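Visitor: Below you will find the structure I want to go over with you.
The values are calculated or read from the model by the stated rules, or taken from the named source; none is laboratory data. Keep in mind it's a predicted model, so treat the numbers as computed, not measured. Here Cβ is always computed from backbone atoms with ideal geometry, including for glycine, and neighbour counts include all displayed protein chains.
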Amino acid sequence: MAVEVICTYKKALTLRLIDTPTSDGAIRPTETLARLRYELPHLQPYMDCRPLEVFKAFEALARERVAWVLSEFDMGGDEFLSSLRHRDDGAGLPVFRLDLSDFNGLDEVGALQNIAIDGDINNLCESLSAIGGSYLILDNANLHCNPATSLAVLQGLKELTSVLTEYCTRIKIIVRLHIRPDVAGITPIVLRALDEAECRTYVELHPDGQNISEIDVTSGAFYNHTFGVPGRIDRALKLLSYDTFENVVNGSSRQSVDDGLMLSPILTSAIEMLQQEEGLEARTYDLLTALTFFSPWRTN
């Protein structure tokens, strides 16, 4: 069976089932799924830092097969999903992802253009149904637009999840938003920053946790620097593998002008001169040190 999308003169979306027999009567996954495959990080103990939120999402998946999650920047969205999949006993199930940054609602036939292959919802439903049990992340819905468009996007998301769960009976959907929705009937599970106690546990279990001294953690200094935001914690611990906590807090680092790095003498000299300046030049220095850390070989 497949789903035929019919658009009326009012551009209202309706769906009905049609028979689509194949030569041997079987439905096979198409290339759609290969392009949509998404790899979540391997679950590590430190990622399992939000048991209450994981339990709420687990209950939503068990009840409706759809969980709405609000995950702002740096809040560890993928790590949370790894923890959720483990709690849901779905470690062996494939994960797929639709990037909905171009999605404007289901008010026309081409609503999934540039999202699914050829914008074909029939192909998408057929492929997901044939694969059996799986997770689908509906990600990056654009809610930065005007209120009317945002409302259309959210209503379209609700319709899309309804269609997918109806015709893909073993699928579980996570709608991951980055802005809190203002629509009745949508109450997302919010991934907030960790509190100080949770931050300490996160650091203790983190593979880079040995980079920070116990006094900097127990005194609250590390928490005050990262505000308990998982992404900030991860980056700070990584920086501490080669620098001091004082330098990390002050936003300066010698990593970029270390003699061991392959930087051109001209760039190294320019960075060292800027380090002694103030105002705009000082900010330029901070930017250069960051750029050379992430791409130390691109000195041109």
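Visitor: Hey, can you tell me all the residues within segment 59-68 that are closer than 15 Å to Thr187 by Cα and free of Cβ contacts under 8 Å to residues at least 40 places away in the same chain?
Guide: Glu59, Arg63 - these are the residues of segment 59-68 that are closer than 15 Å to Thr187 by Cα and free of Cβ contacts under 8 Å to residues at least 40 places away in the same chain.
Visitor: Considering each residue of segment 130-148, count those that are out of contact with any Leu (no Cβ under 6 Å at 6 or more places or on another chain), closer than 19 Å to Thr161 by Cβ and of a type in the set (S, T, N, Q), and give that number.
Guide: Final tally of qualifying residues: 1.
Visitor: Next question, about the same structure. List the pairs whose first member sits in segment 90-102 and is in the same structural domain as Ile137 (by TED's automatic domain parsing) and under 16 Å from Leu164 (Cβ atoms), whose second member is part of a loop (DSSP other than H, G, I, E, B) and among the hydrophobic types (A, V, I, L, M, F, W, C), and whose Cβ atoms are under 9 Å apart, counting only residues at least 6 apart or on separate chains?
Guide: Final answer for the pair search is Val95/Leu40; Leu98/Ile115; Leu98/Ala116; Asp99/Ile115; Leu100/Ile115; Leu100/Ala141.
Visitor: Which one is modelled with the lowest pLDDT, of the residues in segment 76-104 that are crowded, with 21+ Cβ neighbours inside 10 Å and part of a loop (DSSP other than H, G, I, E, B)?
Guide: So, considering only residues that are crowded, with 21+ Cβ neighbours inside 10 Å and part of a loop (DSSP other than H, G, I, E, B), the one modelled with the lowest pLDDT is Phe103.
Visitor: Filter segment 120-138 for residues that are among the hydrophobic types (A, V, I, L, M, F, W, C) and either closer than 20 Å to Val175 by Cβ or not assigned by TED's automatic domain parsing to the domain that holds His178 (or both) and give the result.
Guide: Passing the criteria: Ile121, Leu124, Cys125, Leu128, Ile131, Leu136, Ile137, Leu138.
Visitor: Working only within segment 239-269, note down all residues that are in a helix (DSSP H, G or I), modelled with pLDDT of 60 or more and surrounded by 14 or more Cβ atoms within 10 Å (Cβ to Cβ).
Guide: Across segment 239-269, the qualifying residues are Leu239, Phe245, Asn247, Val248, Val249, Leu267, Thr268.
Visitor: Collect the residues in segment 204-232 that are acidic (Asp, Glu) and under 24 Å from Pro41 (Cβ atoms), keeping them in residue-number order.
Guide: Just the residues of segment 204-232 that are acidic (Asp, Glu), to begin with: 204, 208, 214, 216.
Once the filter is applied, which keeps residues that are acidic (Asp, Glu) and under 24 Å from Pro41 (Cβ atoms), segment 204-232 yields Glu204, Asp208.
Visitor: Search segment 158-173 for residues being outside any strand (DSSP E or B) and crowded, with 22+ Cβ neighbours inside 10 Å, and hand back the single one that is farthest from the chain's Cα centre (by Cα). Break it down stepwise before answering.
Guide: Applying the first criterion (outside any strand (DSSP E or B)) to segment 158-173 yields 158-170.
Cutting the leftovers down to crowded, with 22+ Cβ neighbours inside 10 Å gives us 160, 164, 168.
Working: Leu160: 20, Leu164: 21, Cys168: 23 Å.
Among those residues, the one meeting the criterion is Cys168.
Visitor: Report yes if some residue within segment 56-70 is part of a loop (DSSP other than H, G, I, E, B) and more than 17 Å from the chain's Cα centre (by Cα); otherwise report no. Walk me through how you get there before you give the answer.
Guide: Of all residues in segment 56-70, those part of a loop (DSSP other than H, G, I, E, B) come to 65.
Next cut, more than 17 Å from the chain's Cα centre (by Cα) only: 65.
Yes, there is a match, as at least one residue in segment 56-70 is part of a loop (DSSP other than H, G, I, E, B) and more than 17 Å from the chain's Cα centre (by Cα).
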